[in-house]
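The values are calculated or read from the model by the stated rules, or taken from the named source; none is laboratory data. In this text, all values refer to a predicted model and were calculated from it rather than measured experimentally. Using ideal geometry, Cβ is built from the backbone for each residue, glycine included, and neighbour counts are taken over all protein chains shown. Note: accessible area is taken over every heavy atom of the protein model, side chains too, but ligands, DNA and RNA are not part of it. Shrake-Rupley method; radii C 1.70, N 1.55, O 1.52, S 1.80 Å.
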Amino acid sequence: MSFWRSGAAPAVALTAAALLPAHTPPAAARPAVTPVIQRAAGGEAPGAPGAAADWTPADKDGVGTARSAASRLWFTLGDGQLQEVFYPDLSTPSVRSMELLVTDGRSFTDRESTDTVHRTRRVDDRGLTYQQVDTARSGRYRITKTYVADPDRSTVLVDVRFQPLRGGPYRVYLQYDPSLGNGGMDDSGRTVGDALVAADGSVASALLAAPALGAASSGYLGVSDGWTDLATDHRLDRRFASAARGNVVQVAELPGLARTGRTTVALGFGATAAGALATARGSLRGGFGRAAGDYAAGWHRYLAGLRPVPASVRHSPAQYAEYLVSVLMLAAAEDKANPGAVVASPTEPWAWGQEVPGLSSPSGAYHLVWARDAYQIGTGLLAAGDTAAAARIVRWLFGRQQRPDGSFPQNSAVDGSPVWTNLQLDEVALPIVLAWQVAQASGRQPAAADYAGVRRAADFLLGFRDPGTGRAAPFSPQERWENQSGYSPATIAAEVAGLVCAADLARRRGHPADAARWLATADAWRLSIPKWTVTRTGPYSSRPYYLRLTKDGDPDAGTTYSLGDGGPSAIDQRAVVDPSFLDLVRLGVTPATDPTVRATLPVVDAQLAARTPRGTFWHRYTADGYGEDRSGGPWRPTDPDTAITLGRVWPLLAGERGEYELAAGRSGRPALIALAATANAGGMLAEQVWDGRPPTGQAGFAAGTGTFSATPLLWSHAVFVRLAASIDAGRPVERPAVVYCRYAARC
């Protein structure tokens, strides 16, 4: 994530004319299409391709996957539903949602996502088993669902319990919306015996239950799907055996719930329908109890192999639980077919959740690998004691490095295929820093192939010249937040740290000439950071302070630029500040006591801090527009000077502030407490939390709680783990000693 995503997008024109359809914030009903079908049973469903496909909101209550490599799926939960399931890898969502429909057959039909009150919890603090309890708003019934992934197969298993509270009898149906292979408009589905199968190219799913499914149908969303049928007359009397190609939605009765109140549902995946059926049947035969036990044991063994939980969180049950779930989230973010590939978030926020050609179809961009986010996740795993996983990230990054130049793409799929192709020089430098940190933690120098990648990346930094402006590094075509070029303190900090770490690795391998070249450049850039990024003529203070960036390397010039995301079309660069300058301290480039660092802190606090009941958090930069609009509707591309969307505050920036406070000899605990306080019921940490501006204050929009942004954001979880370990250590554990000792301290 480097998220950002402020305006960072693929090569597509994003103007007001391209505005995207909005969700109603939490869980809107799906698009309504007037039914045009006849009353009939069997045969092919009419109405292809159905209403337009989309993805569910990004604020997940839980993410689960088995620890084993044999189970190549990840599931997400939200709004009382099973939501996106990723299969066969973490860059490929293949399910939109699965939920229950409840009817008395006469007067009402409810859908779980909109007609029940939801509660989600992790059943086990040391694992990823979740339970959803959904109680009808009418008070008629309660549904309890427990989710696990079968460690031996690519199957989601759900233990479903149904409890009538008043009235009845009720009929309960399971509605399943496949979006196989990262697309919802070209699936096919059909009934095969006691199963519902769906397919799209080389990805297929099979839905089974024990006791077996009852009456079933496959149709097209909003036209011939089961919900449209049931909502009309509360009976499933328009059943279709198949739906050939389109936005297919499948539904089947769960008669076992009427008889015993309990059913096991298996959603299995494979390359073919036959393979998916075999997978689901194998999981059903093994039983929910066996799979749940093995699933929990896998994560218990993983945690047992790590460092003890830091003392900094042991005094608080909430912080202790948040540390464990954060470590589990970092481990779960690694792809199984491509070891070391870690995604920013298994979600599709806002515009990225719409199927819009050229923008988000197939969906993106958070479930991709960003070298910056991979670095953050890697340092979090190192702090927890999982050096092997961090080493796999290094190996994956340098194995997918762009050749022959040595750069990294802005992001890529988990197989290494570039998706967005912009260049960000911190994403070239940070893999070097991570390689150095892994070498320190493991006591082993990088493998020859990894060191070759370090060398290519370091030489790329030295030789880079921007083709658009002719400016040489450390000028970067994009900086940390991905929508501006220029001289950024955070990016330069990464570049300097990367070169110093590369030089240390070169020296250890007996390459003094390389080390000398890289160190000479690092020293020169470090000395020039104030010249490029510190203004003495800015509007916020009479003392010098760091800017977010300069476009021209002249921080005292009133150079203007267009901010993006509906922000000002021409803002003075001296009026834009960003907490990210603290990377200079965290990476050891500048001491925490530096007068300009200390002078910039009150400027950033006055311009960007938001104090909430859950703690103090910070915006990314002045006038950031990457977030929901004032009604809570989704971010979408807008024209300059409109300020339609508003960037809210980022929990991870509170964590980074806590790391700075430790470096300055003060306590990082307030930031740790604030970070933990933003977690939702499933322990997920969001990209952004509400900041006091509208819709904050309305029901469901409490200040300091997560927005509809990417949740979980793995960067947020990594900072929490790192900060907890840093408080125990009394220093930022991420800080490379070789950089710190060269520039910020006598060691």
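Within the chain, what is the longest stretch that has no trypsin sites (Lys or Arg not before Pro) placed in a DSSP loop and near at most 14 other beta-carbon atoms within 10 Å?
The segment 236-443 is the longest one with no such site.
Could you work out how far the C-alpha centroid of segment 133-170 sits from that of segment 717-741, in angstrom?
42 Å
Not counting ligands, DNA or RNA, and with a 1.4 Å probe, what is Asp459's accessible surface area in Å² rounded to the nearest 10?
Near enough 60 Å² of accessible area.
With viscosity set to 0.890 mPa s at 25 °C, what whole-number translational diffusion coefficient in µm²/s follows for segment 471-629 from Stokes-Einstein and a Kirkwood radius over Cα pairs?
Approximately 149 µm²/s, per Stokes-Einstein.
When Rg is the radius of gyration of the Cα atoms in the chain and Rh is its Kirkwood radius, what does Rg/Rh come to?
0.99
In segment 526-570, whose amide N lies under 19 Å from the spot 7 Å out along Cα-to-Cβ of Asp641? List them in ranges.
It comes to 559-570, nothing else.
What number do you get for segment 505-588 when its Cα radius of gyration is normalised by 2.2 N^0.38 Å, N = residues?
Working: Rg = 16.8 Å, N = 84, 2.2 N^0.38 = 11.8 Å.
Cα Rg divided by the expected 2.2 N^0.38 Å: 1.42.
Tell me the label-point distance for the pair Arg543, Thr114, using the 7 Å Cα-to-Cβ offset, in nm and rounded to one decimal.
Rounded to a tenth, the inter-label distance reads 5.6 nm.
Between segment 537-562 and segment 455-522, how many Å separate their Cα centres?
23 Å
Could you work out what % of the accessible surface of the chain is carbon and sulfur, using a 1.4 angstrom probe and leaving DNA, RNA and ligands out of the count?
Here carbon and sulfur together make up 52 percent of the probe-accessible area.
For Phe701 and Ser316, calculate 0.36 nm times their separation in residues minus their Cα-Cα distance, and state this gained length in nm to one decimal.
136.0 nm
Does segment 313-438 classify as rounded, prolate or oblate by the C-alpha gyration tensor (a ≥ b ≥ c root eigenvalues; a/c under 1.5 gives rounded; else a/b over b/c gives prolate, otherwise oblate)?
In terms of gyration-tensor shape, oblate.
What's the FRET efficiency of Ser138 with Ser562 using the Cβ-Cβ distance as r and R₀ = 51 Å, to the nearest 0.05?
Taking R0 as 51 Å, the efficiency between Ser138 and Ser562 is 0.50.
Can you show me the helix-derived [θ] at 222 nm for the chain, built from DSSP H runs with n ≥ 4 at -39,500 (n - 2.57) apiece and divided by the number of residues, rounded to the nearest 500.
-10000 deg cm²/dmol
For a distance above 21 Å, tell me the whole-number percent of Cα pairs in segment 366-469 that qualify.
29 percent
Hey, if you put +1 on the Cβ of every Lys and Arg and -1 on every Asp and Glu Cβ in the chain, which of Ser91, Thr76, Trp55 ends up farthest toward the positive end of that dipole?
My answer, from the dipole projection, is Thr76.
Taking the alpha-carbon distance from Lys145 and a cut-off under 14 Å, which aspartates and glutamates remain once sequence neighbours fewer than 8 residues away in the same chain are dropped?
Within the straight-line limit of under 14 Å, Lys145 reaches these aspartates and glutamates: Asp61, Asp79, Glu99, Glu112, Asp134, Asp159.
Relative to the Cα centre, what is the charge dipole magnitude of the chain, using +1 at the beta carbon of each Lys and Arg, -1 at the beta carbon of each Asp and Glu, and rounding to the nearest 20 debye?
For the chain, the charge dipole is close to 1740 debye.
For segment 440-575, report the accessible area per residue in Å² (1.4 Å probe, heavy atoms, rounded to an integer).
Normalised by residue count, the accessible surface of segment 440-575 is 37 Å².
Return a whole-number percent for the relative contact order of segment 63-119, with Cα pairs under 8 Å and 6 or more residues apart as the contact set.
The normalised contact order for segment 63-119 reaches 25 percent.
Compute the relative contact order of the chain as a whole-number percentage, counting only Cα pairs closer than 8 Å that sit 6 or more residues apart in sequence.
Numbers: 1954 pairs, mean separation 102.8, N = 747.
Answer for the chain is 14 percent.
Mean 1/r over all different Cα pairs, inverted: what Kirkwood radius does segment 594-680 give, in Å?
About 14.3 Å for segment 594-680.
Just to confirm, what accessible area per residue do you get for segment 605-681 at 1.4 Å probe, in whole Å²?
Spelled out: the 1.4 Å probe surface of segment 605-681, per residue, equals 32 Å².
Loop-only GluC sites (Glu not before Pro) in segment 464-518, please: DSSP not H, G, I, E or B, and at most 13 other Cβ atoms within 10 Å. If you can, show how the numbers build up before the last one.
Values: sites: Glu479, Glu482, Glu495; in loops: Glu479, Glu482.
Here no loop site has a sparse enough neighbourhood.
Based on the Cα gyration tensor of segment 51-135, what are the three equivalent ellipsoid semi-axes, each the root of five times an eigenvalue, rounded to whole Å and given largest first?
Output for segment 51-135: semi-axes of 25, 17, 10 Å.
Whole Å is fine, so just give me how far the alpha carbon centre of segment 59-100 lies from that of segment 371-398.
The distance from the Cα centre of segment 59-100 to that of segment 371-398 comes to 23 Å.
At Arg507 and Gln440, where each label point lies 7 Å from the Cα along Cα→Cβ, what is the point-to-point distance in nanometres?
Placing both labels 7 Å beyond Cα along the Cβ direction yields 1.3 nm.
With an 8 Å Cα cut-off and a minimum separation of 6 or more residues, compute the relative contact order for segment 578-714 in percent.
23 percent
Report, by chain and number, residues whose modeled amide H sits under 5 Å from the one on Gly625, excluding near sequence neighbours (fewer than 5 apart, same chain).
Gly647
Would you kindly work out the equivalent ellipsoid of segment 242-356 from its C-alpha gyration tensor and give its semi-axes, the square roots of five times the eigenvalues, largest first in whole Å?
Calculated on Cα positions only, the semi-axes equal 34, 23, 17 Å.
Please compute the per residue accessible area over segment 232-354 with all protein chains in place, 1.4 Å probe, rounded to a whole number of Å².
33 Å²
What FRET efficiency would be calculated for the residue pair Ala448, Leu527, taking the C-beta separation as r and a Förster radius of 51 Å, to the nearest 0.05?
About 0.95, to the nearest 0.05.
Find how much the distance from Ala729 to Arg465 grows on full extension, using 0.36 nm per residue of separation minus their present alpha carbon separation; answer in nm with one decimal.
91.1 nm
Classify segment 489-548 as rounded, prolate or oblate from the Cα gyration tensor: take a ≥ b ≥ c as the square roots of its eigenvalues, call it rounded if a/c is under 1.5, otherwise prolate when a/b beats b/c and oblate if not.
prolate
In cubic angstrom, how much convex hull volume per residue do the alpha carbon atoms of segment 104-198 span?
157 Å³
For Arg285 and Asp125, what does the FRET efficiency come to when R0 = 22 Å and r is the distance between their Cβ atoms, rounded to the nearest 0.05?
With a Förster radius of 22 Å, E is 0.15.
Kirkwood Rh and Cα-based Rg: tell me the resulting Rg over Rh for segment 190-295, rounded to two decimals. Numbers along the way, then the final one.
Details: Rg = 14.4 Å, Rh = 14.4 Å.
Here the Rg-to-Rh quotient is 1.00.
Test of understanding: what is the full-extension gain from Asp594 to Asp552, defined as 0.36 nm times their sequence separation minus their Cα-Cα distance?
12.7 nm
Does segment 122-254 classify as rounded, prolate or oblate by the C-alpha gyration tensor (a ≥ b ≥ c root eigenvalues; a/c under 1.5 gives rounded; else a/b over b/c gives prolate, otherwise oblate)? Present the calculation step by step, with values, prior to reporting the outcome.
Numbers: a/c = 1.98, a/b = 1.13, b/c = 1.75.
Cα axes put segment 122-254 in the oblate bin.
What spacing in nm lies between the two simple spin-label points modelled at Ala606 and Ser631, each 7 Å away from Cα in the Cβ direction?
3.7 nm
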